[in-house]
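The values are calculated or read from the model by the stated rules, or taken from the named source; none is laboratory data. Computed from a predicted structure; not experimentally measured. Every residue, glycine as well, gets a Cβ built from its backbone with ideal geometry; the counts of neighbours run over all protein chains shown. For the accessible areas, the whole protein counts, side chains as well, though only heavy atoms, and no ligand, DNA or RNA atoms are used. Shrake-Rupley method; radii C 1.70, N 1.55, O 1.52, S 1.80 Å.
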Amino acid sequence: MTLSGKTVIYNLLREFKKASTVKDIRKTPLYSLISSEYKRNELTDEQTCKAQQELKHVADYLRCYFESSRKFHEIRLEYHGKTERTVEQTATMVGFKLPHDPK
C-alpha cells in the first residue's frame, strides 16, 4: 500500500501531537523541520532524496516510532502496579477466572 506524501506527513504530525506534551505543536522545532522538509520536496519526493521514496520512508518510520512510544506508555500505565497483586487480582486483570477450590 503506497500512501501519498501528504498523507504520510499528516499521519506523522497527528502522532507527534498525541505524543507531545506541548499544547501547540506548531511552535516546536520538530514541527518546523517536518514542514520545511515537506515544502522543500513538495513537487516530488525524489527532488533531494538519494533513494526513491526515502522521504516517505523516514516520515513513516518516525510516525511508527511516535505511535509505538505512545502505546507503550498507555500499556505500561494500565498494567504497571504500584503494589503487589494477589494471584486472583492478576488473573482477573488479564481475563482469567481461577478455579474454585472448596475446602
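Cut-off under 27 Å on the C-alpha distance; same-chain residues fewer than 8 positions from Lys6 excluded. Which lysines are left, in chain and number order? Qualifying lysines at Cα under 27 Å: Lys17, Lys18, Lys23, Lys27, Lys39, Lys50, Lys56, Lys71. In the context of the full set of protein chains, residues of the stretch 62-102 present 95 Å² of accessible surface per residue (probe radius 1.4 Å, heavy atoms only).
How do the peptides 61-67, 31-37, 9-15 rank, highest first, by the average count of neighbouring beta carbon atoms within 10 Å per residue?
Values: 61-67: 15.7, 31-37: 13.6, 9-15: 18.7.
Top to bottom by mean Cβ count within 10 Å: 9-15, 61-67, 31-37.
Of the residues Phe16, Phe72, ranked by 1.4 Å probe accessible area with the largest first, the sequence reads Phe72, Phe16.
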